[in-house]
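In what follows, a structure is listed as C-alpha cells, so that the remarks can point back to it.
The values are calculated or read from the model by the stated rules, or taken from the named source; none is laboratory data. A quick note: this is a predicted structure, and the numbers were derived from the prediction, not measured. FYI the Cβ positions are ideal-geometry reconstructions off the backbone, even for glycines, and counts take in every protein chain you see. Only protein heavy atoms, including side chains, enter the accessible area calculation; ligands, DNA and RNA are left aside. Shrake-Rupley method; radii C 1.70, N 1.55, O 1.52, S 1.80 Å.
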Amino acid sequence: MREELSDPELAGAGLHGAQLRLVPLRQGPFAASSSSFLLEDMTLQVGACSAHMCLAAVAPDRALLHLALNPDENLLINGVASGPRSFGLYGSGAEVLRSSEHDVQFALVTFSTNLVGALAEASAGKALFRPGSNVLLRPSLSAWTRITSLARAAGTMVVEAPMVFEGEQPRRALREALLQAFHELVASVGNDAPISPPRSSRARKRIVFAADEYLRAHVDRPIYTTQLCDALGVSASALSEAFQSTSMISPHRYLKRRRLGMVRAALLSRDGPRPMVKSVALSHGFWHLGQFAHDYRSAFGEAPSATLERIHGTA
C-alpha cells in the first residue's frame, strides 16, 4: 500500500508498530510518501519526508529498525549526529527523537515480539533488543548497501507494479531477503561500540517528550515557553537547550508549528460535520485570527480556508 500525505499529523500516524509525531522544520508545504509491506511478523515501510522533527515511541510488543537510504545522510538522533550509513535499533517501548533539516528517504522495519527473540539469539550475543533500548550503529558499506538496495527496490516495485505484493510468495520472498540482509547488517558491525549520545541527552530527550505531552493535553489554550517551563519544572535555558540540541528547533517555534499541525489535521479530517476555520483555530488556542491565518499560510503554503475546501468543498 502506498500513501501520499501533506498532513504531518496523518503522516506520523501511518507507522505500524510505533507512534510518530512529526513537526515540520521548514516553511511551505509538507510532503511525505510511504509504501507499506505487511510481511507476517514484520513490517517494512519505505518512504520520503520533508524536513522534520520526529518524536517516536515504539509499541510495547515491537522493535524497530531505522535506515536512512541516502549514503551521506546525517540525521540528529537523540542529540547525536548519526553520520553516514548508520542505522538505529530500538527496543519495545523505546522513545526516539529524530531530526533533519533536509528532506529524507528512509526505511523502517518493525519486528514482532516473537521475531525479536529469535533475532536477539542469532545476533552473536549482542543485547540489541532490550526493552527501551536505543542503539545507533555503523555497519560495513557492503551490508548497508545490500539492505538499503533491497528496501529501495521494494519501494520502486510497488509503484511500478502495485499488485505484485498481493501474492503470498512475493511477500514471503521479500521477508526472507530482509531477514538475511538484517543478519548481515548486524554481523558487519563486529565489536564496534554503538555511537553513544552524551550523558545529558537522556534528560534533554525527556524534557522534549514531556513538553509534547503537555501540549497535547492542553491543545485548547495558548501555551508559551514560560508556562511550559513552570509546568515541567525546568529553566528557560534548560528548555531551550533540550530542544536545540535534540531537535534543531526553538521551543517557541516548536509550540507554534506543532499546534498549527494539529489545526491542519482537524481541517483535513473527514469525520463529522464540516468544521469552521474560526472554531478550529480558537479550540487550539489561536486567539489572534489574523496572525493565525498568516502563520498557517506561511507554514503550509495555502490559507486554512483553502485546506478546508479541498476536503469539504465550498460551504
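Here LEU55 fulfils each of the conditions (1) surrounded by fewer than 22 Cβ atoms within 10 Å (Cβ to Cβ); (2) in a strand (DSSP E or B) apart from (1).
So that you can scan it fast, the table gives a plain yes or no per residue for (1) under 29 Å from LEU308 (Cβ atoms); (2) more than 21 Å from the chain's Cα centre (by Cα):
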site	(1), (2)
GLY233	no, yes
HIS252	yes, no
LEU255	yes, no
VAL277	yes, yes
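Please enumerate the residues belonging to segment 144-158 that are touching a strand residue (DSSP E or B) at 6+ places or on another chain (Cβ under 8 Å) and open to solvent by 80 Å² or more (accessible area, probe 1.4 Å). Matches in segment 144-158: ARG152 only.
Regarding segment 78-94, can at least one residue be identified that is open to solvent by 30 Å² or more (accessible area, probe 1.4 Å), assigned to a strand (DSSP E or B) and at pLDDT below 90? Yes: segment 78-94 contains one or more residues that are open to solvent by 30 Å² or more (accessible area, probe 1.4 Å), assigned to a strand (DSSP E or B) and at pLDDT below 90. ASN70 fulfils the conditions (1) modelled with pLDDT of 85 or more; (2) open to solvent by 10 Å² or more (accessible area, probe 1.4 Å); (3) under 14 Å from the mean Cα position of the chain (by Cα) except for a single criterion, (3).
With respect to LEU97, is the statement that it is open to solvent by less than 10 Å² (accessible area, probe 1.4 Å), more than 18 Å from ARG264 (Cβ to Cβ) and either part of a strand (DSSP E or B) or at pLDDT below 90 (or both) true? So LEU97 fits the description; yes.
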